[in-house]
Amino acid sequence: MTERSWGRRLTTSIALAITALAATFLPATPAHAAYGPDQQVYVQVIANDGSGMQLARLEGTVAFDDSNTKYRYSLSVCWQSGAYPQPSFLIIVNGSATNYPVWTGSTSATGCQQVNLYSAEVNFGSAVYNLRFDVTAGWFSSSGYRTRTKSSGTYDNPFN
C-alpha cells in the first residue's frame with residue numbers, strides 16, 4: 001500500500017467518524033406542525049335598512065395545524081363605499097375567546113374605498129376547535145347612524 005492511499009484512507013475514516021459523532025450528539029431539528037388545507041372565508045355585510053347597501057366584504061383563507069393549538073389566516077377586508085367609518089372584524093376562537101387580527105398593510109381594489117390586509121400564524125396556547133369571523137360596519141341611513149355585525153359560519157379544525 002502506498003503512502004498516498006494510506007493517507008487518503010485515514011482522512012476519509014476520520015471524516016466519517018466525525019460525521020457519525022455529529023449525527024449522534026447534535027440535536028435533531030424539531031418537527032414542524034403540518035397545516036391542513038386552506039378553508040375559504042367569505043362574509044359580506046349589507047345594510048339591513050332596506051337599502052341593500054354593501055358595506056364590507058371579508059375574504060381569504062384560514063388553516064389549522066395538526067397540533068390543534070395553532071391556526072393561520074390570510075384575509076382582506078374591502079371597505080365598501082356605503083360604510084363609515086372603516087369596517088372591522090374579530091376572530092372568535094372556540095365560540096368565546098376573542099382574538100384581534102394582525103394588520104399587514106393595505107391596497108386598493110375596484111368597488112372598495114380601501115382594502116386592508118391581515119395575516120398571521122397564531123399560537124393559541126390550548127386546543128383550537130373552531131373559528132368564526134365577526135365583521136362590523138356602520139352607515140348613515142334616513143333614521144340616523146346604524147351598525148351591523150355579520151358572522152361567518154364556523155370553521156372547524158379538521159384535526160380534532
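Binning the alpha carbon pair distances of region 39-155 at 10 angstrom intervals from zero yields the distribution 14, 45, 29, 11, 2, 0, expressed in whole percent. The distance between label points at TYR84 and ASN99 comes to 3.5 nm (points 7 Å beyond Cα on the Cα→Cβ vector).
Solvent-accessible area of region 39-155 (1.4 angstrom probe, protein heavy atoms only): carbon and sulfur portion equals 47 percent. Pairs of Cα atoms in region 88-129 fall into 10 Å distance bins, from 0 up to the last occupied one, in shares of 23, 43, 23, 10 percent. Computed with a 1.4 Å probe over protein heavy atoms only, the accessible surface of region 39-155 comes to 49 Å² per residue.
The values are calculated or read from the model by the stated rules, or taken from the named source; none is laboratory data. All values reported here derive from a predicted model rather than from experimental measurement. Every residue, glycine among them, receives a Cβ derived from its backbone with ideal geometry; neighbour counts consider all protein chains shown. Just so you know, the surface numbers come from the protein's heavy atoms only, side chains and all, with ligands and any DNA or RNA stripped out. Shrake-Rupley method; radii C 1.70, N 1.55, O 1.52, S 1.80 Å.
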